[in-house]
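Reading through the structure tokens given below for one structure.
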Amino acid sequence: MTKRTIIFLAFFSFILFANAQPQKKETVNTTKFEDLKDITITGKVIDKDNQLPLEYASIAFFSKSENKIVDGGITDINGLFSITLPKGVYDISIEYISYKKITFSDKNLDKNENLGTISMEIDYGTLDAVEVIAERTTVEIKLDKKIYNIGKDLTTAGGTVSDALNNVPSVSVDVEGAISLRGNENVKILINGKPSAMAGFGDTNVLSQLPAEAIERVEVITSPSARYDAEGTAGILNIILRQKETLGFNGSVNLTLGNPDNVGVSANINYRTEKFNLFSTLGFRYFNSPRNSFNDTRYFDRLVDGVTVEPEYERIRENQEVERLNRNYNASLGMEYFLSKKTSLTGSVFYRYGEDRDKSLNNSDRFNDGSLVEQTLRTERQSEDGDNYQFALNYITKFNDDGHQLTADVQFENGYENQLTYIDENYLVTNQTDPEPFQIENVIETEDKKESLFQIDYVLPIGENARFEAGYRGNFENSIKDYTLEQEDIDTGNLIVNDTVSNIFDYTENVNAFYTQYGTKFGEFSFLLGLRLENTQLKGNIDSRLTDEELEESFGFPIDVDFNNNYLGLFPTLNLIYNLGKNKDVEESITLGYNRRINRPRGWFVNPFPSRSSRTNVFQGNPNISPAFASAFDIGYLKRWEKLTLTSSIYYQYETDSFERVQENTGEQTSDGIDIIRTVPINLSTNKRTGAEFGVLYNPEKWLRLNTSFNFFQFETDGEFNGVDYGAKNTSWFARFSSKVTLPAKIDWQTNANYRAASENAQSESKGVFSLDLAFSKEIFNDNATISLNVRDLLNSNKWNSLTTTEFFSRDSEFQWRQRQVNLSFRYRFNQQKRRNERRQNENGNGGDDDFDYGG
């Protein structure tokens, strides 16, 4: 455990201990016997609108003399409560989730008393923020973002965060798990507004290991304000996890069983009083996620020093099947401690541990003149163990009830991965008389990742309709990757380290940022203007036994093996909204956004040593790659009726030094004469992207909800590398449709359909991909539990088919990241009332609107 971790824990423990000490009471010698008797306070809590009793409403008694809560309780099924406590002067608070809190201040209780019937009003302003088991998926339009309350998405029950994201408009997750926003993969992923170990230090594959039930809502931020990190040219996805509930003890338990093997158990537990809030989540998941791929490559003659060289094999067909067994454990524990009514301190710890055991079989058929001349079987066994943990501390003080506040965050994260890959290849068919055997290979990779974050935000309301904000964020990341390749000595059978490939890559990314922004509204017009100053430092050091000259020769281009680059940039933002009309039945508005963004290369994009996942196809990072910068414009239109919501927008983005992955022949061959193809990321000169999106949410009846979205985009790249022009222009689109029908016997039926149209880049053409999900659920146990059955990719059609063409080869590929999945899930809720939301689910089916919720 590091020194800073110990200091963090000690500081947190001290704060809790210091504030937990009760005030010393003066000794009174004139106490009467009657004053020692306890009294009983009774009453009833109901809903003001329909006069129904509210079960599990919490009542707390705050003693003015002892300065703490001395007693409390919850209402029964009839809304009644009866609490016995000593005589005294109390502040009495009554709280119920999604309702406005009621407080009786300085109440002198000196005898048994009935407080009568207490009517509580729904708090529509916070309804969506605290709703735990909402039935609907809603959309809220803010000045700088759209908020999608995930609601009860049946098709993701027993699934993952990636599954849930794939159902959010504007967002798509491809067959390899890559997340894109409006067709652009350069999207920044945040958890609860911050970078997090839950998102795997930027590795979106980790999101496929976290349960979908953990999500409360997703914020799609296509025009981020200055308060947000400037990274991510496509925008930001901010995933808000469920965390805090109402007073008392409550939670839920989730069980999942699926085929292919998918077993999951998770629990969310919360206990809250007036003085503290304790929250925890626990989860375990075991699953088998088999994938398969097929490549058919035809090699062309190539010109070497003016001489035409024929390939060793004219055609190679590879068929790969991978069995992926995964075990993942995750746990979080946190507590929010209320130092006063306006100040709180929250500490939390998150831990994730994973074990992966993969086995890959790759059959390779090699042809000349249409005849099979050789066949090999390549076997890879890979084991990977890794853990991530995160400590976080948040402080917030509210100077008043008008939004004047100061928040501070400190976050430390550490992650470690250890990966061992055993590779063995053997001939099944060959026309060679005495073929040279393949070398057995061991690839040993370890990676140690550390990240720390320091952030402070200040908000100052100016009058009723204006707000000023300012803040600082420092984000400091370091990863050390140790890569060792052991290869068999054919003569002795011993494994020997290959010094020309083994290396240690030390990569650091430090970002310091200051921001300020001002927002106001007058009449129906609102705006938010901001400016962010960021300094990015990218440092890298390659520890290898090769000389600099040998490294440059092996990579084919000049590289810097020990670099320290700094990039200072200003990032202005502007968001406007104009309400064309708003009344009881119709709401209409227009939004305009502008922002400047940066795309920083990740470590694996920079590491110049090639991967060894394939002998013939390797990925090689580029240490010369620099950040890309983009300017984006967005115009949106919203019209909302009682049962129908229309959303639309058009957008344009101009990016310089944009990233592109290109494939080229290295000029090297394997021991059996196969050309080695390299994929390398480069900075192309420009990338212009134009698009439009359209969405409809329609709830014609209580039993029917429809949701559809359509996104059309075009991008144009312009640039060259190593004398090859990689300019391209492409138009594509994707669409999704979702329907939810309530059948008799309280059975819900949901259908989700997704289609991603054909697309192309400088070297590849990809065919369209269609997938269909079905789900059914039923409430049981007096609506305290839900059982659901879902089928993801019902038609088993979610496959990526592409054609890649270069001057050296042409390749047809088919890739399926995950085959059809069937899940049976059971969720049990305790001390959570579902019916309180059912009666409101169609009153305001599209959520509220707060023009001044800029938060991050």
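Taken together, the values in this text are just the output of simple stated rules run on the coordinates, not laboratory data. Because the structure is predicted, anything quoted here is derived from the model rather than measured. Glycine gets a Cβ as well: all are built from the backbone with ideal geometry, and neighbour counts include every protein chain shown.
Here the residues 817, 641, ranked from fewest to most Cβ neighbours within 10 Å of their Cβ, fall in the order 641, 817.
For the residue pairs 702/778; 44/341; 450/481; 188/639; 146/740; 702/746, alpha carbon separations beyond 19 Å are given by 44/341; 188/639; 146/740. Taking 7 Å steps out from each Cα toward its Cβ at residue 339 and residue 372 produces label points 7.4 nm apart. FRET efficiency for the residue 114 to residue 51 pair, using the beta carbon distance and R₀ = 22 Å, is estimated at 0.75. The order of the peptides 761-770, 335-344 by mean Cβ neighbours within 10 Å, most packed first, is 761-770, 335-344. Which net charge results for the neighbourhood of residue 317, defined as the other residues with beta-carbon distances under 11 angstrom from its beta-carbon, given Lys and Arg at +1 and Asp and Glu at -1? Cβ neighbours under 11 Å give a net charge of 0. Zone of residue 428 (label point 7 Å along Cα→Cβ, backbone N under 18 Å): which residues in the range 370-396? Within reach of a label on residue 428: 371-381.
Take every Cα pair under 8 Å whose residues are at least 6 apart in sequence, average their separation, divide by the length of the range 674-764, and the relative contact order is 24 percent. In plain terms, the chain from residue 383 to residue 359 could stretch by 7.8 nm, reckoned as 0.36 nm per residue minus the Cα-Cα distance. Working from Cα pairs under 8 Å separated by at least six residues, relative contact order for the range 38-120 is 39 percent.
Can you tell me how the range 38-120 classifies by the Cα gyration tensor, rounded, prolate or oblate, using a/c under 1.5 as the rounded cut? Taking the square roots of the gyration eigenvalues as a ≥ b ≥ c, the range 38-120 is prolate. Between residue 781 and residue 795, full extension at 0.36 nm per residue minus the direct alpha carbon distance yields a gain of 1.7 nm. With r as the distance between the Cβ atoms of residue 553 and residue 495 and R0 = 35 Å, compute the FRET efficiency 1/(1 + (r/R0)^6) and round to 0.05. The value I calculate is 0.85.
Three semi-axes describe the equivalent ellipsoid of the range 454-510; taken as square roots of 5 times the Cα gyration tensor eigenvalues and ordered largest first, they are 57, 8, 6 Å. Shape class of the range 347-461 from the alpha-carbon gyration tensor: prolate, with a/c at 1.5 or above and a/b greater than b/c.
Using 0.36 nm times the number of residues separating residue 465 and residue 706, minus their current alpha carbon distance, what extension gain do you get? Mind showing how you got there, number by number?
On the way: separation 241, 0.36 × 241 = 86.76 nm, distance 3.60 nm.
This chain segment gains 83.2 nm when fully extended.
With a cut-off of 16 Å on the backbone N, the residues of the range 332-374 near the modelled label site 7 Å out from residue 420 along Cα-Cβ are 355-359.
Under the simplified labelling scheme, the residue 652-residue 288 pair shows an inter-label distance of 5.4 nm, with each label point 7 Å from Cα along Cα→Cβ. For the range 627-734, trypsin sites (Lys or Arg not before Pro) meeting the loop criterion (DSSP other than H, G, I, E, B) and having at most 12 other Cβ atoms within 10 Å: 702.
Taking every DSSP bridge with both residues inside the range 38-120, close to 80 percent are antiparallel. Highest average first, the peptides 222-228, 496-502 ordered by how many other beta carbon atoms sit within 10 Å of their residues are 222-228, 496-502. If you take the beta carbon distance between residue 644 and residue 100 as r and set R0 to 41 Å, what does 1/(1 + (r/R0)^6) give as a FRET efficiency, to the nearest 0.05? Between residue 644 and residue 100 the formula returns 0.90. Return, ordered by residue number, the residues of the range 426-468 whose backbone nitrogen is under 17 Å from a label point located 7 Å along Cα→Cβ of residue 397. Label zone hits: 455-461.
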